[in-house]
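See below for the structure under consideration.
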Amino acid sequence: MIKILGKVPSNIGVAVSGGIDSMAMLDFLRRGNHKITALHYNHGTGQYADDAEKLVNDYCTKNNISLIIGRNEEEPPAGVSRENWWRGKRYEFFEESYKGQIAMAHHLDDCVEGWIFSSLNGKGRLIPHMRDQFIRPFLTTEKSEFTLWCVRKGVPTIDDPSNSDTRYRRNYIRHVLMPHAIEVNPGIKKTVRKLLLKAIEKID
């Protein structure tokens, strides 16, 4: 079951890549009483990026959702992490394009992956529920629930081929470390969920 943490504003920006997570979030929120502005950033990485933009555009047109599209036409500087550079450009677009709160589709699996990696580097950190104008209402929802939602509701999605490239840190954690972590501690998701809820209680 998809769960919401806290209250999602009636007027909300929604960051949408075209992948399962963000498309499930967009479809879930549009079925509630929310006035949505979808925000899509085309990274300029070839056919996949253009196909993702078309998918998001077609979905928003079909469902009468306002959509703002940003496009990158630059190349990352030499010696700079492409992943981090793209992330910075994407957030820059979000901040410039929408002044209200923006929902991001981070989920429990993302939290576990981030917590494992940060723990290996000295101190376990959790993805924040809120930071600046960005909110993450689905941090206690597992990825599998987003996948199930898209299947049941017939929500179109597109998979970024780079998601399987383990040269990227996040993919290595997801595809290599996570299965071993769950084998060692099958209850790790419950553990991180409790940590999340406890951290949010302190903020509230």
Spacing of the two label points (7 Å from each Cα toward its C-beta) at Thr191 and Arg167, in nm:
3.3
Size of electric dipole in the range 102-179: Cβ of Lys, Arg +1 and of Asp, Glu -1, about Cα centre, debye, nearest 20:
180
The percentage of the accessible area of the chain (probe 1.4 Å, all protein chains present) made up of carbon and sulfur atoms, to the nearest whole number, is 50
In debye, nearest 20: dipole of the chain around its Cα centre with unit charges on the Cβ of K, R (+) and D, E (-)?
900
At a Cα cut-off below 17 Å, give the lysines reachable from Lys190, other chains included and same-chain residues fewer than 8 away excluded.
Lys3, Lys143, Lys198
May I ask you to list the residues of the range 76-111 whose amide nitrogen lies under 17 Å from a point 7 Å from Cα along the Cα→beta-carbon direction of Asn121?
80-88, 110-111
Along the charge dipole of the chain, Cβ charges K/R +1 and D/E -1, which of Ile4, Thr157, Ala52 sits furthest on the positive end?
Ile4
Of the candidates Asn63, Phe117, Met104, the farthest towards the positive dipole end of the range 52-121 (Lys/Arg Cβ +1, Asp/Glu Cβ -1, centred on the Cα centre) is Asn63
Paramagnetic reach from Ser10 in the range 32-48 [backbone N under 12 Å; point 7 Å along Cα→Cβ]
33-35
Looking at the P(r) of the range 2-116, how many percent of alpha-carbon pairs lie beyond 26 Å?
21
Exposed loop GluC sites (Glu not before Pro) only (DSSP loop, at most 14 other Cβ atoms within 10 Å): please give the longest stretch of the chain free of them, not including the sites.
75-204
Report the Cα centroid-to-centroid distance between the range 115-156 and the range 29-61 in angstrom, as an integer.
19
Each label sits 7 Å from Cα toward the beta-carbon; between Asp132 and His34 the label points are separated, in nm, by 2.0
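Summing -39500 (n - 2.57) over the DSSP H runs of n ≥ 4 in the chain and dividing by its residue number, what mean residue ellipticity at 222 nm do you reach, to the nearest 500 deg cm²/dmol?
-14000 deg cm²/dmol
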What figure in square angstrom, to the nearest 10, would you give for the accessible area of Leu148 with a 1.4 Å probe?
70
Size of charge dipole - the range 32-111 - debye, nearest 20, with Cβ of Lys, Arg +1 and Asp, Glu -1, no other charges:
300
Keeping every protein chain in place, order Ser118, Ser97 by accessible area at 1.4 Å, biggest value first, i.e. largest first.
Ser97, Ser118
Which of [x] 59, 38, 33; [y] 48, 36, 34; [z] 45, 44, 33 is the computed Cα extents along the principal axes in Å? It is [z]
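The values are calculated or read from the model by the stated rules, or taken from the named source; none is laboratory data. Predicted model only: the values in this text are computed from it and were never measured. Methodologically, a virtual Cβ is constructed for each residue, glycine included, from the backbone with ideal geometry; neighbour enumeration extends over all protein chains shown. These area figures cover heavy atoms from the full protein model, side chains too; ligands, DNA and RNA do not enter into them. Shrake-Rupley method; radii C 1.70, N 1.55, O 1.52, S 1.80 Å.
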